[in-house]
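Here the structure comes first, spelled out in C-alpha cells, and everything after it is commentary.
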Amino acid sequence: MEKVFEEEKAYLNYTQEQLSNSIATQEKEMLEIPKRYNNVLQGDTFLVEDLMSSAATKLYVLKLSRDCPYFGRIDFCSKGSAKPTKIYIGKTTVMDNGKQVITDWRSPICSLYYDGEIGDVSYESISGKVEGELQLKRQIIIRNGELVEAFDTGLVSDDDLIQPYLKVNADDKMKTIIASIQKEQNVIIRKPFIDNIIVQGVAGSGKTSVALHRIAYLLYNFKDKIKSNQFLIIGPNKYFLDYISTILPELDTESVSQQTYFNLIVNCLGEKISLEKVDNKKESFAEQFKTSIEYKNALDAFINEYINFGIVDNGFCIDGEEVFSADEIRKRIISTFNKLPNYEIAYTYFVEKFKNDIDDIYEKLNAKYRSIYMSLPKTDPNRRIAIEKSTELNKLLREKGTKLLKDYFTKLKLRSTDIYKIFILNAEKYLPNLSEAEIQQLQQETLGTLKKRKVSFNDLPALMHIQHLIYGTNLDYKNVVIDEAQDYGLFHFYALKEVLPYSCFSIYGDLAQSINSCGQIKDWHDVIDKIFNGNCELLNLKKSYRTTIQITENANKILQQLNLSLAEPVIRKGQDVSFSESSKDIDYKVSKIAEWTEKGYKSIAIICKDDKEANKVFNELKDKNINANRITDENSQYSGGISVLTCKQSKGLEFDAVMLNDASTNMYSINSKEDMHLLYVACTRALHELDILYSKKPCEIFAQYTTNNLGNTQKVKTKK
C-alpha cells in the first residue's frame, strides 16, 4: 500500500503542475477573446459574451479542481492493445501537450469506473462498442490538494467505498456526487437525451443530484444536438432552486433555465397573479378535481365554444352603428393563424380596412343624418343639428376611428384568468356529471381566489391550457427536468407536454413524499400511459444514501404503514433516533442546538407540521437570542445554518441534524395518509441525527420506542 500511495502522490504533484498551467492558459485566453473577436466580427457583442461565459465556466471548474483534481483511476486495456491506459477521472479534462492528464467523468470510458468490475468489460463510445479488460479500479481521496488515501476498489464493499462522501456535513448548497455516483444512478445519468424517463426514488436516493448530473452529462456528450439554454429545470420553490444553484457551474455546465411551475406559467400568461396556499382546502373535492383529465376535457368543450361563438359578442360600432359585424371579426380572428385565435393580425387587418374604406364607412354611418338634413328646410333647427352631428361624425372617424378600433380589440382580448372565470361561472354546462354541491364548491373556491388576483397550484394547468389554445405559447426547450414531481396531478403533466410537444422529459419524484393531498399522482404508470402514450420508461432508485441506518429504518416504519416499498439503507451507522417529551420545552431545543453546533454540524433544522407551529418556534428561539432562519414559501434563498420550517417547506432539502418539533399523537394520526406522508418527509431530511419531540405521547407509528412496548426504553429520552 505504501508503494501505491507514493505512486499516486507523485502523479498528484504532476497533475497539480499541469492544472496550474491550464489555469494560466485559460486566464490568458479570457483576456484574448474580446480583442480577437471584436476585430474579426466588428464587435459581435453576443458572440463575445457567449465565448467569455464558456471560458469563465471552464476557468471556474479548473480552479475548483485544485483542491481535488480527480477521485479515481482505472487501467483499461482495449482489445488488441499491448498495454493498458491509465485514466484518472475528475470534474474536467486537463491536457499536457496532447496527453490526457485528467479525463472528464462524463467521457464514455469513465462509465467503467462506475459500472465495471475487474475483468472483461465493454463500454459504448461515440464510434461504437469498445471491448477490453479492466485491470485496475482505484479510489483516490484528495483533500485540499493533498493525497489522503488510495486503495483498489476490488478489496472493499460498495458501501465502504461511499462512506467518505456520506460522512460530510451539509451546508447551504447541494454538492456534486461525481466521486460517489453509484451504478444504478449512473445508468440513469447516461440515458440517451431523447428518452422520456420517470425516476421513482426513495428519500435520500440522490434523485436531484442524478437529475443535475444527467444534464451535465448530456451537454458534454451531445453538445452538437442540445445547448444549455434548451434545458428547463422545474423545481418546487425558489429556495430549492437556490439550494441546487451551484451544482451545474461546478460540473462545467453553463446556465440552465430554472423555474417553478408557477413562474413558468405566469410568464406565459403575462399576468400579475400570485399563488394562494390551499392548506385549508386540503380535503376539497374541487382542488382534487382540477388536476384530473376530466377537468381538462370539460375545458376543451368550453374553449371550443368560446373560440367559435364567444370571442366576439358584439361587432365594432361607432355612433351606435355597426362598422364591422361580430361574425366577420370572429372569422378573421380565428382564420388568421391555423385556427389559433390571433387578435394582433385581425386588428391590423381591420385597421387597414378601416383606413381604406373610410369614405364608404362615413357614407354608411352618415346616412341617418343626411336623410334628416336633406329632407328639412334650411330654417329648421333640426336640420342644423343633423349637419353638426354629420360633421362631428366625419371628424370622429378620421381623427379617432383607429383608436376606437384599438380600444375595441383591447377589450375583446380577455386575459386567460378572465376566460377561466367565464368557464367557472358556466361550470354546470360543461361538467354535467358533478352534483350541484360539487359545482358550488368549485365556483365558490375558485372565484373567491381569482377575485383576489390569486390562483391555487391546481388552477395552473387550466390557465396554461387556456393560454395555449386561445393565444398560443412560445416555449422552446428540448429537455425538461421536473423535480419533486410526486405532487403534480395528471393535468399538470398534460399542460407541460402540450406546450412542449417536442421536448423530452425527465421526471423525478417519490410517491412516499406526496404532500399535496389535492390530486397528486398515485401511480406513475398513469403518467406513462395517459400523458406519454407508453413512450416513457420508469426507473427506480431504492437505496437511501442520505441517512444513517437508524434513521432509514425509523422512516421505513412509515413506509410500511403506507404500504409502500421500503428504502434500502447504505451501511452507515450513526446514533439511534432519539425521542424526547420536550416539544414544548424551548430550553431543551436551545441546548440541543448548542450540542449539535459543538459537533460541527453546519445545518440544523427544526421541522414543524404547519406555519403556525413554525412561527411559534421561530419566535421562541428569537427570544432566546438564537439566530435562526424562518424558511417560508416566499424565500428565494436558502442559507444553511439553523432553520425553522414546515414539513412541506423541507421537501428536497437535507440537514446535518433535524429536530421534529412535535410528533405527538394529536399532531400526526396514523390513520391519516397525508400525516404519514408529511412525517416521512420530515424524518428523512437528516443526514446524521434525528431527534423526535412529542408531548404526552408520540404518534402511534413510533409506539415501539415507548416504555409500554416490550419494555424497550433504550431509545427513549424523556425530559419533563
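The values are calculated or read from the model by the stated rules, or taken from the named source; none is laboratory data. All figures in this text were calculated on a predicted structure; none of them were measured in a lab. Quick reminder, even Gly has a Cβ in these numbers, built from the backbone with ideal geometry, and neighbours come from all protein chains shown. Ligands, DNA and RNA are excluded from the accessible area calculation, which covers all protein heavy atoms including side chains. Shrake-Rupley method; radii C 1.70, N 1.55, O 1.52, S 1.80 Å.
Taking the stated definitions as given, is Gly235 crowded, with 19+ Cβ neighbours inside 10 Å, touching a helix residue (DSSP H, G or I) at 6+ places or on another chain (Cβ under 9 Å), farther than 22 Å from Val499 by Cα and of a type in the set (Gly, Ala, Ser)?
Details: crowded, with 19+ Cβ neighbours inside 10 Å: yes; touching a helix residue (DSSP H, G or I) at 6+ places or on another chain (Cβ under 9 Å): yes; farther than 22 Å from Val499 by Cα: no; of a type in the set (Gly, Ala, Ser): yes.
No.
Which numbered condition in (1) in a helix (DSSP H, G or I); (2) modelled with pLDDT under 90; (3) surrounded by 19 or more Cβ atoms within 10 Å (Cβ to Cβ) is the only one that Ile265 fails?
Status for Ile265: all satisfied but (2).
Mind counting the residues in region 535-570 that are open to solvent by 30 Å² or more (accessible area, probe 1.4 Å), in a loop (DSSP other than H, G, I, E, B) and not aliphatic (A, V, I, L, M)? Steps first, please.
Initial filter on region 535-570 (open to solvent by 30 Å² or more (accessible area, probe 1.4 Å)): 535, 537-538, 540, 542-543, 546, 550, 553, 557, 560-561, 563-566, 568-569.
If we keep only those that are in a loop (DSSP other than H, G, I, E, B) as well, we get 535, 542, 546, 563-566.
When the remaining residues are screened for being not aliphatic (A, V, I, L, M), the result is 535, 542, 546, 563, 565.
Of the residues in that region, 5 qualify.
Could you check region 473-498 and list, in sequence order, the residues that are outside any loop (DSSP other than H, G, I, E, B), open to solvent by less than 40 Å² (accessible area, probe 1.4 Å) and not small (Gly, Ala, Ser)?
Keep residues of region 473-498 that are outside any loop (DSSP other than H, G, I, E, B), which gives 479-482, 485-487, 490-498.
With the extra rule that they be open to solvent by less than 40 Å² (accessible area, probe 1.4 Å), the set shrinks to 479-482, 485-487, 490-493, 495-496, 498.
Passing the criteria: Asn479, Val480, Val481, Ile482, Gln486, Asp487, Leu490, Phe491, His492, Phe493, Leu496, Glu498.
Is region 571-591 home to any residue that is assigned to a loop (DSSP other than H, G, I, E, B), closer than 25 Å to Ile670 by Cα, of a type in the set (Asp, Glu) and open to solvent by 70 Å² or more (accessible area, probe 1.4 Å)?
yes
Tell me, which residue of region 308-337 that is open to solvent by less than 20 Å² (accessible area, probe 1.4 Å) and assigned to a helix (DSSP H, G or I) is nearest to Leu405 (Cα to Cα)?
Per the stated criteria, the residue is Ile329.
List pairs: first residue in region 374-395 and among the aliphatic types (A, V, I, L, M), second residue assigned to a loop (DSSP other than H, G, I, E, B) anywhere in the structure, Cβ distance under 6 angstrom, at least six positions apart or on different chains.
Hits for this filter: Leu393/Asp319.
Scan Val499, Val455, Val481 and give me the residue that is of a type in the set (A, V, I, L, M) and within 15 Å of the chain's Cα centre (by Cα).
Numbers: Val499 fails: within 15 Å of the chain's Cα centre (by Cα); Val455 fails: within 15 Å of the chain's Cα centre (by Cα).
The conditions single out Val481.
Looking at the structure I just gave you, is Leu299 in contact (Cβ under 8 Å) with a residue 12 or more places away in the chain, open to solvent by less than 20 Å² (accessible area, probe 1.4 Å) and among the aliphatic types (A, V, I, L, M)? Break it down into steps so the answer makes sense when it comes.
Numbers: in contact (Cβ under 8 Å) with a residue 12 or more places away in the chain: yes; open to solvent by less than 20 Å² (accessible area, probe 1.4 Å): yes; among the aliphatic types (A, V, I, L, M): yes.
Taking the combined requirement at face value, the residue satisfies it.
Filter region 592-611 for residues that are of a type in the set (Gly, Ala, Ser), closer than 28 Å to Val202 by Cα and either assigned to a strand (DSSP E or B) or open to solvent by 40 Å² or more (accessible area, probe 1.4 Å) (or both) and give the result.
We begin by selecting, within region 592-611, every residue of a type in the set (Gly, Ala, Ser); these are 594, 600, 603, 605.
With closer than 28 Å to Val202 by Cα added as a condition, the list becomes 600, 603, 605.
Listed by number, the residues that qualify are Ser603, Ala605.
For region 248-272, how many residues meet the condition of being touching a Lys or Arg at 6+ places or on another chain (Cβ under 9 Å) and within 14 Å of Leu218 (Cα to Cα)?
3
From the list Ile419, Ile424, which residue is under 23 Å from Leu463 (Cα atoms), out of contact with any Asp or Glu (no Cβ under 6 Å at 6 or more places or on another chain) and in contact (Cβ under 8 Å) with a residue 40 or more places away in the chain?
Working: Ile424 fails: in contact (Cβ under 8 Å) with a residue 40 or more places away in the chain.
The conditions single out Ile419.
Using beta carbons and a limit of 9 Å, which pairs, at least six apart or on different chains, have the first residue in region 122-151 and more than 15 Å from Lys9 (Cβ to Cβ) and free of Cβ contacts under 8 Å to residues at least 60 places away in the same chain and the second one open to solvent by 80 Å² or more (accessible area, probe 1.4 Å) and outside any strand (DSSP E or B)?
So the pair list comes out as Val130/Lys79; Glu131/Lys79; Gly132/Lys79; Gly132/Gly80; Glu133/Lys79; Glu133/Ile118.
Can you work out which of the residues in region 133-173 that are at pLDDT 80 or above and in a loop (DSSP other than H, G, I, E, B) is least open to solvent (accessible area, probe 1.4 Å)?
Gly145
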